[in-house]
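Below you'll find the structure, written out as structure tokens, and then a few comments.
The values are calculated or read from the model by the stated rules, or taken from the named source; none is laboratory data. These numbers were taken from a predicted model, which means no experiment stands behind them. Because the Cβ atoms are built from the backbone with ideal geometry, glycine has one as well, and the counts that use them run over all protein chains shown. To get the accessible areas, we keep the full protein, side chains included, count just its heavy atoms, and leave off ligands, DNA and RNA. Shrake-Rupley method; radii C 1.70, N 1.55, O 1.52, S 1.80 Å.
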Number of protein chains: 2
Amino acid sequence: MTLRIGMFDSGVGGLTVLSEVKHLLPHNSFFYFGDTARCPYGGKSKSTITRYSLENSAFLHTLGIDLLIIACHTASALAIDAVQQQLSIPILGVIEPAITCALQATRTGHIGVIGTKATIASQVYEQKLKAAHPGITVTSLACPLFVPLVEEQFPNTEIIRLVVQEYLQPLKNKKIDTLLLGCTHYPLLRPYIAEEMGPEVSIINPATTCAQAAHTLCQQLTPHSNEPLEDRFFVSDDPERFRHIGEHFLGYQVIPLIPSIPCTNFPDGKLHMV
Amino acid sequence: MTLRIGMFDSGVGGLTVLSEVKHLLPHNSFFYFGDTARCPYGGKSKSTITRYSLENSAFLHTLGIDLLIIACHTASALAIDAVQQQLSIPILGVIEPAITCALQATRTGHIGVIGTKATIASQVYEQKLKAAHPGITVTSLACPLFVPLVEEQFPNTEIIRLVVQEYLQPLKNKKIDTLLLGCTHYPLLRPYIAEEMGPEVSIINPATTCAQAAHTLCQQLTPHSNEPLEDRFFVSDDPERFRHIGEHFLGYQVIPLIPSIPCTNFPDGKLHMV
């Protein structure tokens, strides 16, 4: 049985989620869309992020997907309800599965969450953690420099260590025992984050928990078609850059470059198939 | 005589240009557009940046401007020709005036240029410097972390100093004597950049040279209307954030918040008047 699984993210970050999902569901077809013409989402408003998410989802839906994964934390936080209202297929975000796992992991009941400005300002992790377990304490923190630090592959690891230290200091003072990485890029900084927080802190990667949820969900789905297809990658801008950085995120060489294709379904110009 | 001067930038950065232009031309009306729904431009492709620039310019043109200043280096580098073809009013970018000034300033003939990835990859500064003066040597360098460092108002100045040091090291080794700040955000890092490069290096701020060019040009223009108007600020996303960060860039409190207005001329949704 081969399912067609659509995923979108504001850019390359969601490839960390794709990597984990594909690891658990290797025999399915993946259609990934990176909105590189309008990334990043993390500093933008809810209404803009919702509009972008609806456009991205509508595009993937035209490809006949059986399941849509919103691989972007910011879009999962702010737009999953709107996308669920628009599409009749199952929608999975990266947030819910991570909530469950973080609540399992915590021993003292004090959980930290780091993410983009938009994700943290939405308080979605805090609200969902407390809704599931009212006694929980949550300390949230935006780390806006982490995304460019990863995406630019900043070469000086000592400076990366100092930036991580600077941002995480308030969390260390709060004595959290579990830290949720609320942004697709942050798993690539995991060694620095883990070192800074120390061995007492459990680190939850929502890419992994999302993959487990996708695996469970897929066992209950009937595919629209049994024809297996090769994975496809679409971007709204600059396929070359996506391919280059994408390998860093996905952990393997993605993508033979295919010429860009015009796509009139997408309101913000043409799409490129990578 | 009151001219209506339109300016656009990918976001808040162009306010450093507005600040300088307004200083020299205080009695004119300024209409500033920040494309905050799609910023930053610096890592995007030429075709996308051109499309965004044409849309931004067309919007400002509907306001009856006498002059358009492209306050974004990336857009000036990649899209000024396309904008000039589209509009019949004078267009001024930030690049040309800075070229003239850098050539005046250099004593050894070795000029450094720093900017976003897109600006540096375009080689526009290098080509224009060499076209004006074939014997010149140019060393260009992208510093992609500078923009988020400024925009996020990263609090730890010691780390900012280290990032600046890391990026500029190759330029120091090349022994340039003049450094052109090829991005609107970089003047806000000027103290760190100047300290790192040392007193032998002249630092050229294109916001200042653009303001001088605008001043000269405006003396030759006849306004469409003599009615003076208050300055207006428009953004494609998140007026609150623009107002907050804008003060940091402009150096004074900009902007009483006016409710957002729908603008059907703009293809990517509605505009907000700040």
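For the stretch A:119-169, the Kirkwood hydrodynamic radius comes to 12.9 Å, computed from all pairs of different C-alpha atoms. Checking every one of the trypsin sites (Lys or Arg not before Pro) in the stretch A:81-130 against DSSP loop status and a limit of 13 other Cβ atoms within 10 Å picks out A:Arg107. With the largest listed first and rounded to whole Å, the semi-axes of the equivalent ellipsoid of the protein assembly as shown from the Cα gyration tensor are 41, 27, 23. Find the percent of Cα-Cα distances in the stretch A:1-133 that exceed 20 Å, and round it to a whole number. Of the Cα pairs, 45 percent sit more than 20 Å apart.
Per-residue Karplus couplings for the stretch B:224-232, computed as 6.51 cos²θ - 1.76 cosθ + 1.60 with θ equal to phi - 60°, are listed in order as 5, 8, 9, 6, x, 10, 6, 4, 10 Hz, Gly and Pro entered as x. Taking amide H as placed 1.01 Å from N in the peptide plane, the amide H of B:Thr184 sits under 5 Å from that of B:His73, each at least 5 places away or on another chain. Each residue of the stretch A:52-62 was assigned a 3J(HN,Hα) from its phi angle through the Karplus expression (A = 6.51, B = -1.76, C = 1.60, θ = phi - 60°), giving 4, 5, 5, 5, 4, 5, 4, 4, 5, 4, 5 Hz with x at Gly and Pro.
Where both residues lie in chain B, what percent of DSSP beta bridges are antiparallel, nearest 5? Among the beta bridges of chain B, antiparallel pairing accounts for roughly 10 percent.
Highest GNM mean-square fluctuation among B:Ala121, B:Ala214, B:Ala142, for chain B modelled with Cα contacts below 10 Å: B:Ala121. Just flag the trypsin sites (Lys or Arg not before Pro) in the stretch A:146-240 sitting in loop per DSSP whose Cβ has no more than 16 other Cβ atoms within 10 Å. Those satisfying the criteria are A:Lys175.
Note: relative contact order over chain A, using C-alpha pairs below 8 Å and six or more positions apart, is 27 percent.
Angle of helix A:15-24 to the longest C-alpha principal axis of chain A, folded into 0 to 90 degrees and rounded to 10: 80°.
Of the residues B:Ser47, A:Ser88, the one with the largest accessible area comes first in the ranking A:Ser88, B:Ser47, computed with a 1.4 Å probe on protein heavy atoms.
For the stretch A:95-206, the alpha-carbon radius of gyration amounts to 1.00 times the rule-of-thumb value 2.2 N^0.38 Å expected for a compact globular protein. For the segment A:151-158, counting C-beta atoms of other chains within 10 Å of every residue's C-beta and taking the mean gives 3. DSSP finds beta bridges in the protein assembly as shown, and of those with both partners inside it, around 10 percent are antiparallel. The residues of chain B present an accessible area of 39 Å² per residue when probed at 1.4 Å with all protein chains retained.
Take each residue in B:161-168, count the other chain C-beta atoms within 10 Å of its C-beta, and the mean is 3. Annotation: A:Cys183 carries an accessible surface of approximately 10 Å², with a 1.4 Å probe and no ligand, DNA or RNA atoms counted. Take the accessible area of chain B alone and of chain A alone, subtract that of the pair, and you get about 2600 Å² summed over both chains, using a 1.4 Å probe.
Averaging the sequence gap over all C-alpha pairs within less than 8 Å and six or more residues apart, then dividing by the number of residues, gives the stretch A:1-111 a relative contact order of 29 percent. Counting only DSSP beta bridges whose two residues both lie in the stretch A:1-129, roughly 0 percent are antiparallel. Between A:Ser140 and A:Val113, the built amide H atoms are under 5 Å apart, and every one of these is 5 or more places off in sequence or on another chain. Scan chain B and report its longest stretch carrying no GluC sites (Glu not before Pro) that are both in a DSSP loop and have at most 16 other Cβ atoms within 10 Å. Here the longest run is B:1-151. Remark: the A:Gln85-A:Glu240 segment gains 52.4 nm on full extension, using 0.36 nm per residue and subtracting the alpha carbon distance.
Take the Cα of B:His110, go 7 Å toward its beta carbon, and the backbone nitrogen atoms of the stretch B:173-188 under 19 Å from that spot belong to B:173-181. For the stretch B:95-206, the carbon plus sulfur part of the accessible surface works out to 51%, probe radius 1.4 Å. Against chain B, whose longest principal axis is taken from its Cα atoms, helix B:239-250 shows a tilt of about 50°.
Structure shown: which of A:Lys22/A:Lys174; A:Lys44/A:Lys128; B:Lys44/B:Lys128 lie over 28 Å apart, alpha-carbon to alpha-carbon? From the list (A:Lys22/A:Lys174; A:Lys44/A:Lys128; B:Lys44/B:Lys128), the Cα-Cα distance tops 28 Å for A:Lys22/A:Lys174.
Of the residues making up the stretch A:45-83, those losing 20 Å² or more of accessible area when the isolated chain is joined by the remaining protein chains, with a 1.4 Å probe, are A:Ser45, A:Thr48, A:Arg51, A:Tyr52. Less than 5 angstrom separates the built amide H of A:Thr178 from those of A:Gly112, A:Ser202, all sequence-distant by 5 or more or on a different chain.
Kirkwood-type hydrodynamic radius, chain B: 18.8 Å, calculated from all non-identical alpha-carbon pairs.
In the elastic network of chain B, a GNM with C-alpha springs shorter than 10 Å, the most mobile of B:Gly14, B:Gly182, B:Gly43 is B:Gly43. Taking the longest Cα principal axis of chain B as reference, the axis of helix B:157-174 is set at about 60 degrees.
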